[in-house]
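Notes follow the structure.
Read-outs: derived from the displayed coordinates by stated rules, not from any lab. This structure is a prediction, so every number in the text was calculated from the model and none was measured. For neighbour counting, all protein chains shown are included, and Cβ atoms are generated from backbone atoms with ideal geometry for every residue, glycine included.
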């Protein structure tokens, strides 16, 4: 049913500031921008998914502004791709995830006038344990984001969901949504980590060490991005004025990682080079 993680949504109060920040971080230009329904949006499409920035647009009451007031800037939702939205809707209904009616959506790029269309539904947030989950059937592929700098980010490696109840989360993402569990590991320093394959990336579910399971909500926690040359990417981001950590050895054998501490619209952000370069 689910074929990939289509996109993640990051809420920001200012679409221009957010777009500038992610163009710097990703080293890529937005490939699609549009407004409507009280929101301004900028999309960055990479090799395996899209990041969608969303900001309130217009004056007066606004549902995007209300969500920002409630949870602040940062990761707001996940949208999974399916090749049959009607079948996906029926499955979500059987799984008691209380999906909304399937909606037909069309958007026009502000610059080119090109159009995209898709069909989508959404699970009830309380049924998804506090995480906003959307499901989408896209009529045609989005254009890719053009590279604007050296050593750009190439793709997403994983998105992290923090949970107070790992068994409940495992049941949702594995048994109910049908994602393939690739790893289930506990460590005294890291807690319990579960990796669910979703196309060319991982949905990571994390439970902090020393915490008993509770009935509180799950929360979107952060993103890890892939880079080809982490030293070159770090140099580029540092030269752009971002606060970045030193490169360090990653948990994954052969990997190196670094943390980006600013310029991410409140999203906890890790960059990963999947295999060390030869000496």
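Here are some notes:
- Extension gain, residue 231 back to residue 86 (0.36 nm per residue minus Cα-Cα distance, nm): 47.7 nm
- Those residues of the stretch 117-161 whose amide nitrogen sits under 20 Å from the label point placed on residue 171, 7 Å along Cα→Cβ: 123-133, 161
- If a spin label sat at a point 7 angstrom from the Cα of residue 197 along the line to its beta carbon, the backbone N atoms of the stretch 70-94 nearer than 17 Å would be those of 81.
- Tensor-based shape of the stretch 111-168 (alpha-carbon gyration tensor, a/c under 1.5 rounded, otherwise prolate or oblate): oblate
- DSSP-defined beta bridges in the chain - what % are antiparallel, rounded to 5: 75 percent
- For the stretch 153-273: rounded, prolate or oblate by the Cα gyration tensor [a/c cutoff 1.5]: prolate
- Each part reduced to its alpha carbon centroid, the stretch 1-50 and the stretch 169-248 end up 20 Å apart.
- Both the radius of gyration and Dmax for the chain are 18.5, 58 Å, in that order, over alpha-carbon atoms.
- Using the Cβ-Cβ distance between residue 20 and residue 48 with R0 set to 25 Å, the FRET efficiency from 1/(1 + (r/R0)^6) comes to roughly 0.60.
- Stretch gain in nm, segment residue 101-residue 147, where the contour uses 0.36 nm per residue and the Cα spacing is subtracted: 12.8 nm
- Considering only the stretch 2-138, percent of DSSP beta bridges that pair antiparallel, nearest 5: 75 percent
- Spacing of the modelled spin labels on residue 182 and residue 110, each 7 Å from Cα toward Cβ, amounts to 3.6 nm.
- Reference-scaled alpha-carbon Rg (2.2 N^0.38 Å with N residues) for the stretch 2-138: 1.06
- For the chain, averaging the sequence separation of C-alpha pairs within contact (under 8 Å, six or more residues apart) and dividing by the residue count gives a relative contact order of 19 percent.
- Inter-probe distance in nm under a simple model that places probes 7 Å from Cα toward Cβ, at residue 69 and residue 29: 3.7 nm
- Exposure proxy shown here: for 32, 118, 190, the number of other Cβ atoms within 10 Å sets the order, fewest to most, as 190, 118, 32.
- One chain, two ends: residue 59 and residue 215. Fully extended at 0.36 nm per residue, the span grows by 52.4 nm beyond their Cα-Cα distance.
- Fewest-first ranking of 144, 89, 187, using other Cβ atoms within 10 Å as the exposure measure: 187, 144, 89
- Computed helical MRE - 222 nm, the chain, DSSP H runs ≥ 4 contributing -39500 (n - 2.57), nearest 500: -4500 deg cm²/dmol
- Normalised by the number of residues in the stretch 153-273, the average gap of Cα pairs under 8 Å and 6 or more apart makes the relative contact order 27 percent.
- DSSP beta bridges in the stretch 153-273 [antiparallel fraction, %, rounded to 5]: 75 percent
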